[in-house]
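Below is one structure; the comments refer to it alone.
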Amino acid sequence: MIFRLNLNPKCEEEVIANVHERTPLIDEIERLVTQEDSAEQITGYLEDEIRLLDVKEIECFFVEDEKTYALYSDQKKYLVRKRLYELEKVLSADFIKINKSAIANSKKIARFKVLLSGAVDAEFASGNTECISRRCFVEVKRRFGI
């Protein structure tokens with residue numbers, strides 16, 4: 001394999017890869033090259049489907065079985081190949097951490113439910129719920145003026 005890097009600040013950036021076949025390594029290279037610093041769209045994987053997800057339509061990102069998923073407005077959960085801390089860096093201020101394994105889109109939260117145990121859940125427009133941890137609830141109260 002040959003690697004060439006030409007640095008020219010005056011030309012438009014372009015990456016060209018000549019390969020014999022598509023492999024997981026090529027998929028990862030493509031993902032890294034097409035990834036933007038500021039996320040307006042994020043690549044989501046569902047079985048054999050790859051889809052660009054509009055970040056504004058994502059209700060929340062959550063971790064399940066050590067994998068990160070995006071709960072999309074179409075009620076499907078898409079695998080996202082980023083960690084929550086990586087997503088926190090690129091997501092807009094509309095997203096807020098609600099527990100150690102979930103980041104919610106504050107514009108998609110329909111209401112908060114207080115349970116008998118004293119815990120608070122965030123209920124999204126689609127009806128899905130996520131628990132808000134006590135540690136994160138302080139920031140949620142401040143953000144929403146609760």
Self-check item: Extreme residue, positive dipole direction of region 24-144, given options Ser101, Leu116, Ile58 (C-beta unit charges)
Solution: Leu116
Quiz item: Given H placed 1.01 Å from N in the peptide plane, which residues other than close sequence neighbours of Leu53 have an amide H under 5 Å from its amide H?
Solution: Ile42, Thr43, Gly44
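Quote to one decimal, in nm, the extra length available between Tyr45 and Glu30 on full extension: 0.36 nm per residue of separation minus the C-alpha distance between them.
On the way: separation 15, 0.36 × 15 = 5.40 nm, distance 1.43 nm.
Full extension from Tyr45 to Glu30 adds 4.0 nm.
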Practice problem: Rounded to the nearest 10 degrees, what's the angle between the helix 134-144 long axis and the longest principal axis of the chain, both from Cα atoms, 0 to 90? | Solution: 90 degrees
Quiz item: Amide H to amide H under 5 Å from Ala125: which residues, 5+ apart in sequence or cross-chain, H placed 1.01 Å off N in plane?
Solution: Ala110
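For Arg135, what charge total do you get from the other residues with a beta carbon under 14 Å from its beta carbon, if Lys and Arg give +1 and Asp and Glu give -1? It would help to have the intermediate numbers written out before the result.
Numbers: positive: Lys97, Lys100, Arg134, Lys141, Arg142; negative: Glu139.
Summing Lys/Arg as +1 and Asp/Glu as -1 gives +4.
Between Leu7 and Val90, take the C-beta separation as r, use R0 = 30 Å, and let me know the FRET efficiency to the nearest 0.05.
Working: r = 25 Å, r/R0 = 0.83.
E(calc), rounded to 0.05, equals 0.75.
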Quiz item: Sorted from fewest to most neighbouring beta carbons within 10 Å, what does the list Cys11, Cys136, Cys60 look like?
Solution: Cys11, Cys136, Cys60
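For Glu64 and Arg22, what is the calculated FRET efficiency with R₀ set at 41 Å and r taken between the beta-carbons, to the nearest 0.05?
On the way: r = 28 Å, r/R0 = 0.68.
FRET efficiency, Glu64 to Arg22: 0.90.
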Quiz item: Kirkwood hydrodynamic radius of region 24-144 from all distinct Cα pairs, in Å?
Solution: 15.0 Å
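Each value in this text was obtained by applying a stated rule to the coordinates, not by laboratory testing. As the structure is a prediction and not an experimental result, all values here were calculated from the model. Glycine gets a Cβ as well: all are built from the backbone with ideal geometry, and neighbour counts include every protein chain shown.
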